[in-house]
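Before any comments, here is the structure.
The values are calculated or read from the model by the stated rules, or taken from the named source; none is laboratory data. In this text, all values refer to a predicted model and were calculated from it rather than measured experimentally. A quick note on method: Cβ atoms are made from the backbone with ideal geometry, for glycine too, and the neighbour counts reach across all protein chains shown.
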Amino acid sequence: MAVTQRIGVVGLGAMGSGIAQVAIEAGFDVVGREVADDLARAATERIGHFLTRKVEKGQRSPEERDAALARLSTTTDLGTLGDCDLVIEAVVEELEPKRALFSELEAICRADAVLATNTSALSVTEIAAATRSPERVVGMHFFNPAPLMPLVEVVRAELSSDEAVETALEVVERLGKVPVSCHDTPGFVVNRVLIPLLNDCVRVLDEARVTPESLDAAMTNGAGWPMGPCTLVDLVGIDVHVHASEALYEKLREPRMAPPPRLVAMRNAGLLGRKTGRGFYSYE
Ligand code: CAA
């Protein structure tokens, strides 16, 4: 098994930039791909900001921050990822764009490179099926915010090879994260449980006639959650959560998986949570 040193990250939004940050901090060389220069610049600035906060808080030296940032390069050209040992995809959470991307990556990347998707609710097997080498495709599912959440689900699709899964597990260990290996089932482990739970939380808002503030207070103080469900859905993104709910409902047909109408209305109105400045709460 070749030693992984160079990681490509496709899509530098909240998840992709978080993954890139974790990887450069762990000593990997990272090439991040965005579709436009300004998006790539924004991601680099965001990573620089969080690393500088660590310096300010005495968790990193300025030299360590600078060395980590020097390991990050960005590009708008997918072809630049041709010499990566591992590519992690974190683009829009829709099946067809992901399938098209994997088909392109297959043509660009070395035959021994592992191709991973950070999908949270789509089928890794269906993404892998867009390639002629599905054995090298796995899921590497990070949690939001990626630099703070320890878990990475390493997902074995129907045709994933043992080598590809082992490479992903080894990289997760070197990232200092906690890997949990699982098979490619809808929602994997955490979202299979968390998505219906969060949907129940939103339904109880109307049923018990409580405010988001009260619900969050109930779940943090009564169930020990680190952040309340409304704060969490705002962080994840209302659109991302609704989409994941729809994807799980489509596959499992369990009523609790279906997105509550209240969330669908918020999504349709553009109240997407932190990223748009308004969701259950307002953010300045
Ligand atoms: N990226 C990088 N660094 C970040 C960051 C981010 N997005 N957000 C915060 N940080 C850094 C900041 O520098 C921050 O320090 P300063 O505020 O001093 O700058 C530092 O991390 C600590 O941040 P917090 O004080 O906010 O950290 P906390 O101790 O309050 O913990 C938390 C935050 C880890 C997010 C905690 O609230 C928590 O565990 N929440 C639950 C999150 C969760 O459940 N996530 C899963 C979502 S579901 C999902 O992701 C699945 C899916 O597929 C959709």
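List of remarks:
- Residues that are within 11 Å of the ligand (Cβ to nearest atom) and among the β-branched types (V, I, T) were ranked within the range 38-77; the one that is farthest from V9 (Cα to Cα) is V55.
- Checked against (1) within 16 Å of R203 (Cα to Cα); (2) out of contact with any strand residue (DSSP E or B) (no Cβ under 6 Å at 6 or more places or on another chain); (3) surrounded by 15 or more Cβ atoms within 10 Å (Cβ to Cβ); (4) in contact (Cβ under 8 Å) with a residue 24 or more places away in the chain, V264 passes all but condition (4).
- Candidates A100, A130, filtered to the one that is surrounded by fewer than 20 Cβ atoms within 10 Å (Cβ to Cβ), in a loop (DSSP other than H, G, I, E, B), more than 16 Å from the ligand (Cβ to nearest atom) and not assigned by TED's automatic domain parsing to the domain that holds L252: A130
- Among helices (runs of 4 or more DSSP H) entirely within the range 1-90, having at least 3 residues that are in contact with a strand residue (DSSP E or B) (Cβ under 7 Å, 6 or more places away or on another chain) and buried (at least 23 other Cβ atoms within 10 Å of the Cβ) singles out 14-25.
- Filter result for the condition that a residue is among the β-branched types (V, I, T) and touching a residue at least 12 places away in the same chain (Cβ under 8 Å), over V240, V193: V240
- Enumeration of residues in the range 192-238 that are in contact with a strand residue (DSSP E or B) (Cβ under 9 Å, 6 or more places away or on another chain) and either surrounded by fewer than 19 Cβ atoms within 10 Å (Cβ to Cβ) or in the same structural domain as A121 (by TED's automatic domain parsing) (or both): L235
- Answer residue from the range 267-284, given it is within 22 Å of the chain's Cα centre (by Cα) and among the aliphatic types (A, V, I, L, M) and is surrounded by the most Cβ atoms within 10 Å (Cβ to Cβ) among those: L272
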